[in-house]
Amino acid sequence: MSGLNKNKTVEQALIQSAENLQRQFSEHCRLLCTATSKGIVAGKRKKDICADCPYKHKFKETIASTIRKLENTRKSFKSKQIELLRKELTAILTQEI
């Protein structure tokens, strides 16, 4: 495989991975909201639930790892899309989730 095709494949894989993470996190939050509103998790607010969530640490670590990989490949891939993706992920990671 030529270097150009390989780079394009890596770029596409990184973008797809980040999009999958975002979809999974959105679904996780939706389920937490549903559970809270139906009283399944009684006596806890959404913020309290998220604080105890076993997936929160894994989610944040996965985003941080993705950002590190994007940062390491920044000079190899001169892609505006990857730069924007890295910035979006960094913004998500800094939010209180």
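The values are calculated or read from the model by the stated rules, or taken from the named source; none is laboratory data. Here the structure is a predicted model, which means the values were calculated and not measured. All Cβ positions, glycine included, derive from the backbone under ideal geometry; neighbour counts span all protein chains shown.
Observations, loosely collected:
- Unique match (being part of a helix (DSSP H, G or I), under 30 Å from residue 77 (Cα atoms), among the charged types (D, E, K, R) and modelled with pLDDT under 70) among 60, 6, 47: 6
- Of everything in the stretch 67-78 that is touching a helix residue (DSSP H, G or I) at 6+ places or on another chain (Cβ under 6 Å) and in contact (Cβ under 8 Å) with a residue 40 or more places away in the chain, the residue that is nearest to residue 26 (Cα to Cα) is 70.
- Considered as a group, the residues in the stretch 79-97 that are β-branched (Val, Ile, Thr), touching a helix residue (DSSP H, G or I) at 6+ places or on another chain (Cβ under 9 Å) and part of a helix (DSSP H, G or I) include one that is surrounded by the most Cβ atoms within 10 Å (Cβ to Cβ), and that residue is 82.
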